[in-house]
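Here is the structure we will look at, set down as structure tokens.
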Amino acid sequence: MPAEFFTYVHGVLHAERVSLEEIAESYGTPCYVYSRAALERRFNAFHQALFGIDHLVCYSVKANSNLAVLDVLARLGSGFDIVSAGELQRVLAAGGKASRTVFSGVGKTAPEIAQALEAGVYCFNVESAAELETIDRVSRAVGKRAPISFRVNPDVDARTHPYIATGLNENKFGVPIEEAPALYRQAAGMEHVEVHGVDCHIGSQQTSLEPFADALDRVLGLVDALEKIGIPIRHLNVGGGLGIRYKDETPPAPAEYIAAIRKRLEERRLKLIVEPGRAVAGNAGALLTRVIYLKSNGEKRFAVTDAAMNDLIRPALYGAWQEVRAVSVIGESAGKRYDIVGPVCESSDFLAKDRILDIEPGSLLAILSAGAYGFVMSSNYNTRPRAAEVMVDGERAHLVRRREQVKDLFALESRMPADG
Ligand SMILES: *Cc1c(COP(=O)(O)O)cnc(C)c1O
């Protein structure tokens, strides 16, 4: 199984030492379940591999931004990579430090930049010349100097799903690496901007080291070129993107990934920033759902569950494969082949296809590797309240987001005026 902290004990799937049957009983379904130990293990794998290097592990908040997840990581000294002022507020509310937070994203607005400056973020990862101008202007108004790095696009093919590849020149992200020296020169001449680093992020769910190594070689070439023209670089941000095992992928371990980077840094005295999201949270979570009906249409058998694409959109959006396990082993039968589908009115509403499962109506299923890009991408489509979230810590379970109620869903709406 891809997720080491989700294991069977006496025929029942547990998160750490808590039975998923008990969690379903206490908190209902659908429900996201996270393992604190899994989050800590994965964060520490990065942190420890960076021993001896001046570094900052900035967990990418967008992968899973629940306050409890951020809190667990902040207590280990994690920094954070944010893409909005909303994520900054989450980091601060969870006990994270702005001084360990980097701000990425192609569309930072002036008010967002002002908020981040006031809070004192570690660095802005700038993605265009226009954004640089805005940062300079806003910093002047706020009376501060903004620490910046440019997110450069090394034009390497990350060979991942096109929706999550970001390192090619055709993507909207970053600035082309060839244009970077001119932009750095411009930034170096600005009064309210301070050049700190170089940044890149080539895409998500990378399962080999090659694209990282290619990108790093190009980025280090830029660092050297900048030093030659009198623009010293203090930190190198290599982004996130390290993949995880969903099925049978064999991504490098964080230690191997860091070792490959360490080898290339050689004598350079650069602070290293990494921004893992999926690699920290992905296998630290599962989506727990109950089978409502079993049905068959001709040849096909369906298990209709109370979770749907609005709860977990990766299968519908990317055709992603996630492991599905029956929470309780019910008998000796090998099971039957099912598509696992939700109640949403879309044919793309599936969570998994062609899975052999021994289940009956009422059975609980766990969809593994759902800790990253799971709850955060959920919606209220079909007026479906979003799932509860639970953090397991050893033998204890904590409700870290209560299930939404339907009245929450239209609380911000109003009817037409009575005289209208
Ligand atoms: C999404 C993102 C990450 C995290 O990516 P993962 O694949 O989850 O590790 C890191 N940095 C930036 C700029 C991102 O947009």
Completion exercise
Okay, strands (runs of 3 or more DSSP E) sitting entirely in the stretch 260-370 with 3 or more residues that are basic (Lys, Arg), I get none
Exercise for the section: May I ask you to verify whether ARG264 is in contact with a Leu (Cβ under 8 Å, 6 or more places away or on another chain) and more than 16 Å from the ligand (Cβ to nearest atom)? Expected result: yes
Exercise for the section: Restricting attention to the stretch 41-66, report how many residues are crowded, with 18+ Cβ neighbours inside 10 Å and either within 14 Å of the ligand (Cβ to nearest atom) or in a helix (DSSP H, G or I) (or both). Expected result: 16
Practice task
Considering every residue within the stretch 126-145, establish whether at least one is touching a helix residue (DSSP H, G or I) at 6+ places or on another chain (Cβ under 7 Å) and part of a loop (DSSP other than H, G, I, E, B).
Solution key: yes
Practice task
State yes or no: is ALA110 touching a strand residue (DSSP E or B) at 6+ places or on another chain (Cβ under 8 Å), of a type in the set (A, V, I, L, M) and away from the ligand (no atom under 15 Å from the Cβ)?
Solution key: no
Handout entry: Residue selected from the stretch 218-235 under the condition closer than 14 Å to PRO147 by Cβ and not aliphatic (A, V, I, L, M), by the criterion surrounded by the most Cβ atoms within 10 Å (Cβ to Cβ)
Key = HIS235
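Residues checked against (1) crowded, with 23+ Cβ neighbours inside 10 Å; (2) without any contact (Cβ under 8 Å) to a residue 24 or more places away in the chain; (3) within 16 Å of the ligand (Cβ to nearest atom); (4) not assigned by TED's automatic domain parsing to the domain that holds SER84:
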{"position": "ILE356", "(1), (2), (3), (4)": "no, yes, no, yes"}
{"position": "SER369", "(1), (2), (3), (4)": "yes, no, yes, yes"}
{"position": "TYR381", "(1), (2), (3), (4)": "no, no, no, yes"}
{"position": "PRO385", "(1), (2), (3), (4)": "no, no, no, yes"}
Handout entry: Selection from the stretch 269-297 of residues that are of a type in the set (A, V, I, L, M, F, W, C), under 16 Å from TYR32 (Cβ atoms) and within 16 Å of the ligand (Cβ to nearest atom)
Key = VAL280, ALA281, ALA284
Practice task
Among residues belonging to the stretch 236-251 that are under 13 Å from GLU275 (Cα atoms) and more than 9 Å from the ligand (Cβ to nearest atom), point out the one that is nearest to the chain's Cα centre (by Cα).
Solution key: VAL238
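Quick check on my filter: what residues within the stretch 108-124 are part of a strand (DSSP E or B) and either surrounded by fewer than 18 Cβ atoms within 10 Å (Cβ to Cβ) or in contact with a Gly (Cβ under 8 Å, 6 or more places away or on another chain) (or both)?
Across the stretch 108-124, the qualifying residue is only CYS123.
The values are calculated or read from the model by the stated rules, or taken from the named source; none is laboratory data. Note that the coordinates shown come from a computational prediction; the quantities given were computed from them, not determined experimentally. FYI the Cβ positions are ideal-geometry reconstructions off the backbone, even for glycines, and counts take in every protein chain you see.
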